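*Asks:* Submitted below is the structure of interest, expressed as structure tokens.
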Amino acid sequence: MEPSLTHAQKMRGLPWAYAGNGLLSVYTNLVFVGPVIVIFADLLGLGKERIGLIIGAIPLCCVPAVVFLPVVARWGYKRAYVTLFAVRKFVVLLLVFTPWVLNRWGTDVAFWFVLSVMFSFGMLRGIALLGWTPWIQELVPNQVRGRFMAINMFLFNLGGVVVLAATGAYLGKNPDINKFQLLYVIAFAIGLLSIYMFTRAPGGAPIADRSKTRERASLASILDAVRDTRFITFLIGQSVCMLGVLPISIHAFGPLYLKDEIGIDPSRVMYFASIMMLAALPSTFVWGWAADRFGSKPVLLLSILLLLIYPIGLLIIPANSDMSFIAAVVLAVATGLVGPGWAIAQSRWVLSTLIPRERRAGYGALNMAWIGIISALAPWLGGHVLDSQSVKNIDWSRVPLISDEYTMLIVAGGLLMLVGVAILGRIKSDTTVATRQFAGMFLQGDPFGAMFGIVTHRRGGGETQRVTTMARLGDARSPLSVDELLDGAADPNFNVRYEAVLAIARHHRPDARLTDALINILNGSEPDLAITAAWALGRMGNPRAIPSLRESLDSDYPLMRARAARALGTLQDTHSAQRLRDLLHRESDPGLRIAYASALGNLREPDALTDLLDVLAQLDDPNQRLEIASAIASIVGCEDWFVLLARRTRANPGDALGGILLAVRRRLTRVLHPQDVESIEKCAVALGHQQMQEAAPLFVHLLDAVHHEQLAPLSRLVVNEARARIKQFSHERLEYFMLALHALHAGTPRINRPDGAPSSAQ
């Protein structure tokens, strides 16, 4: 047995596999996939049920092909695939003689001739595909399987775009059956070239000595797959979705619906399919990237749900109208954008987790046979429904949304897709990301900005470019970019790492991995970066950072201690309150004292109120005093009211304070002696005229006259302190005026907002 492939061998072999698949896509689009074979069969004069049989003949042959599994394993997966795919090219070439058969023996014989060709083609294809899954599972590294599927899908769609657009132009509005002969000759040549490309890819050697391998390549191994409830559930869910979408797809009766019911000519039907594939090109890599990053299941379920726009769109396209083709183009674009997700995710799920490597042959055979049955059954059932006279005779006028057999098929298809999603949703995921969570990622932040940043990040660039990319990812605030932000946090350059920390701090609902990354930076050996990480951890709001932040309170760096304290306050770590009070009492550094006091304010620690009032009295800087005043207001309550008050006071101190005093007059009368009510007006007038020195003693008189026993304890403490400090500093420290008004507001049952509107006290 050939030794296992190295990673380098696998990566060198992938381009050949890509090239083979790209050429194969051109071949298949010309032969049996899409509208070409459907239009060809329709021109033969076959009924829709017979067309369904022809479409279904190829996948149906996958079922009897399963018996050849042991032979394929001994022969070699690659050898079987390449050889039989080459032989089938010669078989399909027989379709060149179809016009001659039709003219000589008629429609019935032509049908059996085409069916025989397709059946032979299908048998060769079915046996060959027994080797495909094990070979590709060996060849493609697990971490790039989503990308592999994406590139294959891209090449398939690119080939389809070229082929269908050229075929539409070649066939014209009124295609002739004889024109298809040239198409099949071209397909034959391209098909042989694709086979040559596949021969250059490594792997897929025969299983010669079973005693030296765990792989079981026998019919008995299929029973292992049958007993795997997870795998069977997947097949059932996938099958239900296929039964829903295949009959109405561009690979079955979708082209005939557009031609017969909507009134779009055959050449434009080809263009419709080409546009759908063209639209799929840009989204293919997005779906592949998403499957590798977030897992196959959420991508699969979301893509199927989004694909419901196809049956819905078919129902609302206007028939026989100038807008018919335009509406069809819009539908083709929308369907093309979401369609690749299904194919990529289901293939990746099968290859990555649903099929055990040691039993890949048996699982792969069952998967192929099962899907083959459904792929054959779906178009036959669709054709049978469309040709059934009993269905045509139904009075659809009493059935919502359904007007004929086509719309019945479309509505049933949409419902079956929903049932299939429900079944697939029961399977244990291959990732921790739930479908709802994955879908929500595209609704958070700026997903387009995030995707642009992701692409830019992958290109690398110099330091300036990488810093700009991190900033862009931070602005996007999208969960899609977690991996890129983690890369940025580990960048060799400090400036990039610093910008990554800032970007992480701005992240929307940050991932646990981002929190862990910042904790590692916090505990690391770079003080400048650790200090920023401490701030970021507080801003992100994840309590998992609390233990590390508590340890940072003992840091040798004062700024680190300050940032850690503020972060703990933001995170509402009430257990750190006493520790912060102790630090506040011992600390002499003004900056640190402000940080500790501010943190205690955020924690709304009532026992710290006296401490904060002491700190406030010792500060000279007005900005620092305002910060501590805000912390005091947080402890007292109604912090939002204080913020509004501070904003108005900053713009016009005297007028703002006077206006607020008048606005709360009604409530103040309840806590004042009647003879002192008139002093409210006097004080407000003095404040309004900017006579601050005259207003200060009037304001003190009001505070003296307040019935303090009617105030809440914390408000009473603040009012008494404010009264004493205004006596000491007069009008030089307006924060005491604001604190007094705020304490009166918070300490009474109900009071007015600074703008005069009523507000409930907290």
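The values are calculated or read from the model by the stated rules, or taken from the named source; none is laboratory data. Fair warning: this is a prediction, and the values are worked out from it, not measured in the lab. Here the Cβ is made from the backbone with ideal geometry for all residues, glycine too, and neighbour counts use every protein chain on show.
*Asks:* Could you check segment 309-347 and list, in sequence order, the residues that are under 18 Å from the mean Cα position of the chain (by Cα) and of a type in the set (A, V, I, L, M, F, W, C)?
*Replies:* 334, 337, 338, 342, 343, 344, 345
*Asks:* Name the residue, out of 515, 456, 431, 464, that is assigned by TED's automatic domain parsing to the domain that holds residue 294 and at pLDDT below 90.
*Replies:* On the way: 515 fails: assigned by TED's automatic domain parsing to the domain that holds residue 294; 456 fails: assigned by TED's automatic domain parsing to the domain that holds residue 294; 464 fails: assigned by TED's automatic domain parsing to the domain that holds residue 294.
The match here is 431.
*Asks:* Moving on. Within segment 60-92, can you find the residues that are surrounded by fewer than 18 Cβ atoms within 10 Å (Cβ to Cβ) and farther than 21 Å from residue 365 by Cα?
*Replies:* 90
*Asks:* Does segment 555-565 contain at least one residue that is among the aromatic types (Phe, Trp, Tyr) and more than 19 Å from residue 603 (Cα to Cα)? Break it down stepwise before answering.
*Replies:* Looking only at segment 555-565, we keep the residues that are among the aromatic types (Phe, Trp, Tyr), and these are 557.
From what is left, the residues that are more than 19 Å from residue 603 (Cα to Cα) are 557.
Yes, segment 555-565 contains a residue that is among the aromatic types (Phe, Trp, Tyr) and more than 19 Å from residue 603 (Cα to Cα).
*Asks:* Related question: Taking segment 44-59, which residues are surrounded by fewer than 19 Cβ atoms within 10 Å (Cβ to Cβ) and part of a helix (DSSP H, G or I)?
*Replies:* To start, the set of residues in segment 44-59 that are surrounded by fewer than 19 Cβ atoms within 10 Å (Cβ to Cβ) comprises 45, 47, 49.
The answer is 49, and nothing else.
*Asks:* From the list 260, 292, which residue is among the acidic types (Asp, Glu), closer than 27 Å to residue 436 by Cα and surrounded by fewer than 24 Cβ atoms within 10 Å (Cβ to Cβ)? Before you say what the answer is, go through the steps one by one.
*Replies:* Details: 260 fails: closer than 27 Å to residue 436 by Cα.
On inspection, the qualifying residue turns out to be 292.
*Asks:* Return the total of residues in segment 612-642 being under 43 Å from the mean Cα position of the chain (by Cα) and free of Cβ contacts under 8 Å to residues at least 12 places away in the same chain.
*Replies:* Residues meeting the conditions: 2.
*Asks:* Kindly indicate whether residue 724 is at pLDDT 85 or above and more than 57 Å from the chain's Cα centre (by Cα). Reasoning before the result, please.
*Replies:* On the way: at pLDDT 85 or above: yes; more than 57 Å from the chain's Cα centre (by Cα): yes.
Criteria met by residue 724.
*Asks:* Could I ask something else about it? In this structure, does residue 483 turn out to be in a helix (DSSP H, G or I) and in contact (Cβ under 8 Å) with a residue 60 or more places away in the chain? Full working, then the answer.
*Replies:* Details: in a helix (DSSP H, G or I): yes; in contact (Cβ under 8 Å) with a residue 60 or more places away in the chain: yes.
So residue 483 fits the description; yes.
*Asks:* Among the residues that make up segment 385-404, is at least one of them under 27 Å from residue 300 (Cα atoms) and either of a type in the set (A, V, I, L, M, F, W, C) or surrounded by fewer than 20 Cβ atoms within 10 Å (Cβ to Cβ) (or both)?
*Replies:* Narrowing segment 385-404 to residues under 27 Å from residue 300 (Cα atoms): none.
Taking every residue of segment 385-404 in turn, none turns out to be under 27 Å from residue 300 (Cα atoms) and either of a type in the set (A, V, I, L, M, F, W, C) or surrounded by fewer than 20 Cβ atoms within 10 Å (Cβ to Cβ) (or both).
*Asks:* Being out of contact with any Pro (no Cβ under 9 Å at 6 or more places or on another chain) and at pLDDT 75 or above: is that true of residue 195 here? Spell out the reasoning first.
*Replies:* On the way: out of contact with any Pro (no Cβ under 9 Å at 6 or more places or on another chain): yes; at pLDDT 75 or above: yes.
When the stated conditions are applied, residue 195 passes them.
*Asks:* Can you find, within segment 3-33, the residue that is nearest to residue 88 (Cα to Cα) among those that are polar (S, T, N, Q) and surrounded by 18 or more Cβ atoms within 10 Å (Cβ to Cβ)?
*Replies:* Looking only at segment 3-33, we keep the residues that are polar (S, T, N, Q), and these are 4, 6, 9, 21, 25, 28-29.
Subset that is surrounded by 18 or more Cβ atoms within 10 Å (Cβ to Cβ): 21, 25, 28-29.
Numbers: 21: 16, 25: 15, 28: 12, 29: 15 Å.
Checking each candidate, the answer is 28.
*Asks:* Given the conditions (1) of a type in the set (S, T, N, Q); (2) surrounded by fewer than 17 Cβ atoms within 10 Å (Cβ to Cβ); (3) under 30 Å from residue 610 (Cα atoms), which single one is not true for residue 525?
*Replies:* (3)
*Asks:* Right, something else. Could you tell me which numbered condition residue 111 fails, if it satisfies all but one of (1) surrounded by fewer than 20 Cβ atoms within 10 Å (Cβ to Cβ); (2) farther than 30 Å from residue 7 by Cβ?
*Replies:* (1)
Residue-wise test of (1) assigned to a helix (DSSP H, G or I); (2) crowded, with 22+ Cβ neighbours inside 10 Å; (3) free of Cβ contacts under 8 Å to residues at least 24 places away in the same chain; (4) aromatic (Phe, Trp, Tyr).
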{"residue": "233", "(1), (2), (3), (4)": "yes, no, no, no"}
{"residue": "238", "(1), (2), (3), (4)": "yes, yes, no, no"}
{"residue": "272", "(1), (2), (3), (4)": "yes, yes, no, yes"}
{"residue": "280", "(1), (2), (3), (4)": "yes, yes, no, no"}
{"residue": "314", "(1), (2), (3), (4)": "yes, yes, no, no"}
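*Asks:* Can you pull out every residue in segment 701-722 that is without any contact (Cβ under 8 Å) to a residue 12 or more places away in the chain and within 15 Å of residue 635 (Cβ to Cβ)?
*Replies:* Listed by number, the list holds a single entry, 713.
*Asks:* Looking at (1) surrounded by fewer than 18 Cβ atoms within 10 Å (Cβ to Cβ); (2) among the charged types (D, E, K, R); (3) part of a helix (DSSP H, G or I), which is the only condition residue 563 fails?
*Replies:* Against the list (1) surrounded by fewer than 18 Cβ atoms within 10 Å (Cβ to Cβ); (2) among the charged types (D, E, K, R); (3) part of a helix (DSSP H, G or I), residue 563 comes up short only on (1).
*Asks:* Taking residue 618 as meeting all but one of (1) buried (at least 19 other Cβ atoms within 10 Å of the Cβ); (2) over 20 Å from residue 680 (Cβ atoms), write down the number of the exception.
*Replies:* (1)
*Asks:* Out of all the residues in segment 279-297, is one or more in contact with a helix residue (DSSP H, G or I) (Cβ under 8 Å, 6 or more places away or on another chain) and under 21 Å from residue 419 (Cα atoms)?
*Replies:* yes
*Asks:* If you don't mind, another one. Test of understanding: among 609, 583, which residue is within 20 Å of residue 553 (Cα to Cα), surrounded by fewer than 24 Cβ atoms within 10 Å (Cβ to Cβ) and either within 47 Å of the chain's Cα centre (by Cα) or modelled with pLDDT of 90 or more (or both)? Explain how you work it out, then say what you get.
*Replies:* Details: 609 fails: within 20 Å of residue 553 (Cα to Cα).
583 is the lone residue from the list that is within 20 Å of residue 553 (Cα to Cα), surrounded by fewer than 24 Cβ atoms within 10 Å (Cβ to Cβ) and either within 47 Å of the chain's Cα centre (by Cα) or modelled with pLDDT of 90 or more (or both).
*Asks:* For segment 721-739, which positions are over 17 Å from residue 645 (Cα atoms) and not in a loop (DSSP other than H, G, I, E, B)?
*Replies:* Those that are over 17 Å from residue 645 (Cα atoms) and not in a loop (DSSP other than H, G, I, E, B): 721, 723, 724, 725, 726, 727, 728, 729.
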